[in-house]
Structures are given as C-alpha cells and as structure tokens.
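Following: one structure in structure tokens, then a few remarks.
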Amino acid sequence: MQAAHYVGGAFLPNDPATTTFPLVDPVDGSTVGQVPEAARETVDAAVRAAREALDGAWGATSPEERSAALHRIADEIQARFDAFVDAEVSDTGKPRELAATVDIPRAIGNFRAYADLLYGRPEQSYSTSVPGWSGSGQALNYTVRRPLGVVAVISPWNLPLLLLTWKVAPALAAGNTVVAKPSEETPSTATLLAEAIDAAGLPAGAFNLVHGHGTNAAGAFLTSHPDVDAIAFTGESATGSAIMREAANHLTPVSFELGGKNAAVIFADADLEAAVEGTVRSAFTHSGQICLCTERVYVERSRYEEFVSLLGARARELTDYGPMISAAHRDKVLSYYRLAVEEGATVVAGGKAPHFGDRRDEGFYVEPTVLTGLPQHARTVQEEVFGPVCHIAPFDTEEEAVRLANDSRYGLAATVWTRDLSRAHRVAPRIDAGIVWVNCWNLRDLRTPFGGVKDSGIGREGGTYSLDFFSEPVNVCIQV
Ligand code: NAD
Ligand code: 6OD
C-alpha cells in the first residue's frame with residue numbers, strides 16, 4: 001500500500017523529488033514502504049481545495065445528497081474490506097481479528113450512522129410575542145444550522161481508520177469540507193479511504209488528505225492555518241495543548257479527544273469472573289493502546305487477593321497480542337515497567353519484553369503486565385502509559401473507591417463492577433469521567449456523547465454532539 005496525498009480530487013504523484021520517511025512494520029521492525037511528507041505548500045493547496053469545494057459543489061449539496069454520499073462511502077469501504085484490514089494490520093501489527101471485527105466495521109458504521117443521523121434533528125422554533133414592541137411584536141423564531149467551513153482532522157495511530165472516520169463522517173454530514181492528517185505511523189487506511197471517497201464520487205476538494213509528522217510539519221501547518229475554520233483532534237493531551245496554543249491565534253474552535261488513565265472499580269458484590277474477564281479486555285485489548293483502556297484497578301479489600309491472583313493468571317496466559325506501534329513507544333512502555341519496580345511495585349505478571357524465538361523478537365512487543373503495591377501518588381499510577389499494563393490496589397469503602405478513581409488529572413472513561421443496582425446508580429455519576437461503563441467495557445452506541453473531562457478532552461463527539469460541533473446555529477427572527 002503506497003501512501004499518497006489526495007488534494008482537490010486527485011492523488012499527488014510520489015516522484016523522486018518527494019520528501020519521504022520510512023513506514024516500519026512494528027511486528028519485526030522492517031521498513032515496508034515510504035510515506036510522503038507534506039510540505040507547507042501541499043497543506044496550503046489542500047486547504048485551498050477544501051475552501052473551493054465549500055464555495056462550490058459540496059457547499060451546494062442538500063442533506064439528502066450528503067446522506068446518500070456518506071452511504072456510498074460506506075459501500076466503497078465495504079467493497080474493499082479485505083484491503084482495509086490488510087492495511088490496518090500491516091501498519092499497526094494488531095491482531096487481524098481485531099481489525100476485521102472492530103476497526104473496519106466501525107469505520108463503515110461511522111459513515112452509516114451519520115448518513116442516518118442527518119435526519120430527525122429537531123431544531124428550535126418559537127412563536128414570540130413582545131408586548132409594547134413598536135411593530136406587531138409577534139414573531140416566528142427558528143434556528144438553521146450551517147457548516148463551520150474547512151475542518152482540519154488530526155488523528156492518532158491506535159485505531160487509525162476508526163478514529164479518522166469518527167470525525168470525517170460527521171464533518172462531511174454537516175456540510176463541511178475536510179483536510180485530514182492521519183498519524184505518520186499509520187498512513188495506509190487513510191489513503192484507502194481517499195480511494196473509497198473518490199470512488200463514491202464526492203466533489204473534488206470535499207475531502208483532502210495530507211501525510212506527515214505533527215510538530216513543525218504537516219500537522220502544525222494545518223492547525224495553524226488561517227483559513228481552517230475548526231480543528232477536530234484525537235491524540236495526546238500535551239499535543240492538544242500545543243494545538244490549542246496555535247488555534248488561539250485565529251480563535252479556531254477545537255474538539256479534543258485526549259489521553260486517559262482510566263479506573264476500574266470492582267466491588268465485593270460483583271460477579272468476579274465477569275469482572276476479571278472484563279478487565280482482561282479493558283486492560284489488554286490492542287495491547288493497551290486504546291485511550292479507553294484500564295490502567296488503574298481498585299478492588300474492594302475482601303476480594304482483592306482473589307482478583308489479583310485471577311487477573312495475574314489470565315495476563316500470563318495471553319499469547320496472541322500485537323506489538324507497540326514503534327520502537328520509541330516500546331521503549332517508553334518498558335521504561336514505565338522499570339519505573340514501577342523502582343517505585344516499589346510487585347510485578348504479578350509480565351514486566352518485560354517477551355521472547356518469541358521468531359521474527360517478532362525484532363519487533364516492538366512488551367508483555368501484558370499486572371502490578372500491585374504502589375501508592376496512589378506513584379508516577380506509574382498517575383501517568384498514562386498507553387501499553388498493556390494495569391496496577392491493582394485495594395479499597396475499603398464506596399467513598400474511598402470514588403475518591404481513588406477521581407484522583408487523576410485525566411477523566412476519560414471508567415468501569416464499575418457491582419451487582420448492586422442502587423450502588424451502580426450512586427457511584428457512576430460521581431466518577432469524574434465522560435463515560436462510565438457498568439459491568440461492561442467499550443460497549444458503544446454511536447448516538448451517545450463521547451469524550452473526557454479534565455485533561456482528557458474538550459467537548460463531546462458522537463451522535464448529535466458531533467453534528468452540533470461541526471455546525472453553527474443561526475437564529476432567524478421573522479416579524480409576522
Ligand atoms: P499524538 O498526540 O502524538 O499524535 C496524534 C496526531 O497529532 C498525529 O497525527 C500527529 O502527527 C499529530 N501531531 C503531533 N504533534 C502535533 C502538532 N504540534 N500539531 C499538529 N498535529 C500534531 O498521539 P498518538 O501518539 O498518535 O496517540 C496516542 C495518544 O492519543 C494517547 O495519549 C491516547 O490516550 C490518545 N488518544 C485519545 C483518544 C480519545 O478518544 N480520547 C483516542 C485515541 C488516542
Ligand atoms: O469508539 C469511539 O467512538 C472512540 N472514539 C474510541 C476511542 C478510542 C481511543 O483510543
């Protein structure tokens with residue numbers, strides 16, 4: 001899969017003069033391709049193309065036409081399903097089953113959901129009466145929504161197509177044009193998406209794609225661009241801060257989905273087997289490289305030892321897991337494994353790089369790891385690792401459990417495990433997080449609000465929340 005920029009309805013040729021950087025297979029560290037690095041002029045051309053499409057063919061579309069276009073994009077992804085799975089697996093090293101059951105179906109689902117959500121949005125209207133007004137004082141007020149304009153979409157490497165389309169679909173649905181920059185680590189499914197959008201027959205410039213790095217490169221050229229009307233970003237909290245500083249210059253609105261240090265709270269009355277299996281999924285799916293993954297587990301003291309022993313055993317059993325995205329990320333995760341020991345942790349499972357005796361030994365793997373024994377203020381308990389690791393600590397009361405779960409600069413997601421319905425209703429809304437799952441994890445309904453509090457984000461996406469962000473309400477007042 002050869003990554004390419006897609007600007008104004010055409011793929012830009014990768015000629016010998018194009019600056020490129022290597023695409024690395026995280027499974028064995030080999031170089032599998034070259035990715036073009038967008039110069040500032042390429043980003044400018046993409047923004048220009050997006051502006052022209054907004055003032056032209058895409059800007060003139062009706063909601064019905066946009067809905068049909070989004071369904072056609074979904075059809076085109078479906079028609080290339082295997083190629084999308086191959087590309088996602090190749091870029092990330094994630095298990096094929098994960099890409100085939102989550103990443104690519106969800107990307108299709110994102111387009112279908114917003115194609116359908118375009119309808120049935122109630123808008124406000126008021127019959128107004130202002131006594132003493134010099135005219136009739138009678139008016140009809142109603143609200144119309146119009147697109148924000150040219151939207152920059154910047155996405156990370158962990159769920160490359162899922163998270164890119166999570167923003168591109170509602171942005172297009174609301175009538176905006178898009179310039180997207182995927183992570184430099186995972187350019188392939190984004191390029192295939194441009195092919196699918198091209199085949200779906202969207203007007204030139206409605207969707208544009210540039211590849212490249214973030215800092216002082218394509219990402220920053222895009223987010224600091226004076227003709228970009230909104231920025232939708234998913235990635236690290238520190239990157240969000242950097243982008244916000246740039247956005248401040250033009251007062252560009254932002255929607256941010258950022259980092260997490262998510263807590264699981266397991267009460268003694270929980271179905272412990274379900275809580276263990278749920279925590280295996282929430283801590284180790286995609287080797288912990290999902291922003292929603294659990295890194296802090298709090299278990300009521302009477303079941304603590306039992307839970308630690310069961311989760312440790314399950315972590316040691318895991319064999320079919322993928323690598324970290326890069327050597328740098330592997331090194332970061334391993335540095336946290338070492339730090340945890342320096343901070344006094346007991347390593348219940350994992351704690352190092354595995355040895356497979358095959359080509360994966362050249363890749364970027366780390367073992368699924370379970371830790372105990374750290375104080376709440378330890379860096380390993382407070383900082384996002386973004387790897388397959390969780391720390392387990394005991395608690396004695398419901399009050400303490402809530403306090404520990406909330407003792408974090410992050411607030412993205414949490415899970416609560418209990419059979420006591422009243423307790424579930426009591427505890428869930430007290431946790432500082434945008435999403436609280438009870439007796440499950442990552443069960444998604446695309447109409448629900450998605451996002452985080454504190455350092456985990458700004459705003460909410462999903463359902464009408466995304467359509468609201470990507471559009472501007474205009475009040476029309478007609479005297480009658
Ligand atoms: P990252 O912040 O390093 O990069 C994300 C994207 O931003 C990439 O495309 C990158 O090139 C670009 N970028 C980097 N610096 C930039 C700059 N100065 N200006 C403009 N663009 C810039 O994140 P990552 O390492 O790709 O992803 C992992 C992080 O993302 C973790 O912190 C994880 O928690 C977070 N994440 C959050 C969510 C969520 O929904 N809250 C989802 C997925 C990942
Ligand atoms: O499921 C989603 O819609 C979503 N935005 C997931 C984010 C996962 C973070 O890695």
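Structural remarks
- Of all residues in segment 113-160, those satisfying the criterion of being under 26 Å from Ala49 (Cβ atoms) and more than 16 Å from ligand 1 (Cβ to nearest atom) are Tyr114, Ala115, Leu118, Arg145, Arg146, Pro147, Leu148, Gly149.
- Residues within segment 114-152 that are assigned to a strand (DSSP E or B) and under 28 Å from Asp227 (Cβ atoms), tallied: 8
- In segment 137-161, residue farthest from ligand 2 (Cβ to nearest atom) [restricted to those that are among the hydrophobic types (A, V, I, L, M, F, W, C), out of contact with any Pro (no Cβ under 9 Å at 6 or more places or on another chain) and open to solvent by 10 Å² or more (accessible area, probe 1.4 Å)]: Ala139
- Against the list (1) more than 16 Å from ligand 2 (Cβ to nearest atom); (2) among the acidic types (Asp, Glu); (3) under 24 Å from Arg460 (Cα atoms), the condition Glu277 fails is (3).
- Whichever residue in segment 258-275 is within 16 Å of ligand 1 (Cβ to nearest atom) and outside any strand (DSSP E or B) and, among such residues, is farthest from Phe469 (Cα to Cα): Lys261
- Failed item, numbered, when Thr448 is tested on (1) away from ligand 2 (no atom under 16 Å from the Cβ); (2) in a loop (DSSP other than H, G, I, E, B); (3) surrounded by fewer than 19 Cβ atoms within 10 Å (Cβ to Cβ): (1)
- Of all residues making up segment 234-257, the number that are more than 16 Å from ligand 2 (Cβ to nearest atom), open to solvent by 20 Å² or more (accessible area, probe 1.4 Å) and either assigned to a loop (DSSP other than H, G, I, E, B) or assigned by TED's automatic domain parsing to the domain that holds Phe386 (or both): 2
- Test result for Arg66, open to solvent by 30 Å² or more (accessible area, probe 1.4 Å) and not in a loop (DSSP other than H, G, I, E, B): no
- The sole residue among Val297, Val280 that is more than 14 Å from ligand 1 (Cβ to nearest atom), in a helix (DSSP H, G or I) and not assigned by TED's automatic domain parsing to the domain that holds Val102 is Val280.
- For segment 1-33, the set of residues classified as open to solvent by 40 Å² or more (accessible area, probe 1.4 Å) and touching a residue at least 24 places away in the same chain (Cβ under 8 Å) consists of Met1, Gln2, Ala10, Phe11, Leu12, Val24, Ser30, Val32, listed by residue number.
- For segment 185-216, filtering for residues that are touching a helix residue (DSSP H, G or I) at 6+ places or on another chain (Cβ under 9 Å) and over 20 Å from Arg51 (Cβ atoms) leaves 19.
- Subset of segment 283-294 (residues that are hydrophobic (A, V, I, L, M, F, W, C) and either touching a strand residue (DSSP E or B) at 6+ places or on another chain (Cβ under 9 Å) or assigned to a strand (DSSP E or B) (or both)): Ala283, Phe284, Cys291, Leu292, Cys293
- Of the residues making up segment 138-182, those that are among the β-branched types (Val, Ile, Thr) and over 18 Å from Ala74 (Cβ atoms) are Thr143, Val144, Val150, Val151, Ile154, Thr177, Val179.
- A count restricted to segment 162-189 and to residues that are away from ligand 2 (no atom under 12 Å from the Cβ), among the hydrophobic types (A, V, I, L, M, F, W, C) and open to solvent by 10 Å² or more (accessible area, probe 1.4 Å) stands at 1.
- With respect to (1) within 15 Å of Trp417 (Cα to Cα); (2) more than 16 Å from ligand 2 (Cβ to nearest atom), the lone exception for Thr294 is condition (2).
- Residue list for segment 337-389, restricted to those being surrounded by 21 or more Cβ atoms within 10 Å (Cβ to Cβ) and either assigned to a helix (DSSP H, G or I) or on the phi > 0 side of the Ramachandran plot (or both): Tyr337, Ala340, Gly350, Thr380, Val381, Phe386
- Looking only at residues of segment 430-445 that are away from ligand 1 (no atom under 14 Å from the Cβ) and assigned to a loop (DSSP other than H, G, I, E, B), we find that the one that is surrounded by the most Cβ atoms within 10 Å (Cβ to Cβ) is Trp441.
- Residues of segment 451-476 classified as of a type outside the set (S, T, N, Q) and in a strand (DSSP E or B), total: 9
- All conditions in (1) surrounded by fewer than 18 Cβ atoms within 10 Å (Cβ to Cβ); (2) in contact (Cβ under 8 Å) with a residue 12 or more places away in the chain; (3) of a type outside the set (Gly, Ala, Ser) hold for Trp58, with the sole exception of (1).
The values are calculated or read from the model by the stated rules, or taken from the named source; none is laboratory data. None of the values given here were measured: they were computed from a predicted structure. All Cβ positions, glycine included, derive from the backbone under ideal geometry; neighbour counts span all protein chains shown. For the accessible areas, the whole protein counts, side chains as well, though only heavy atoms, and no ligand, DNA or RNA atoms are used. Shrake-Rupley method; radii C 1.70, N 1.55, O 1.52, S 1.80 Å.
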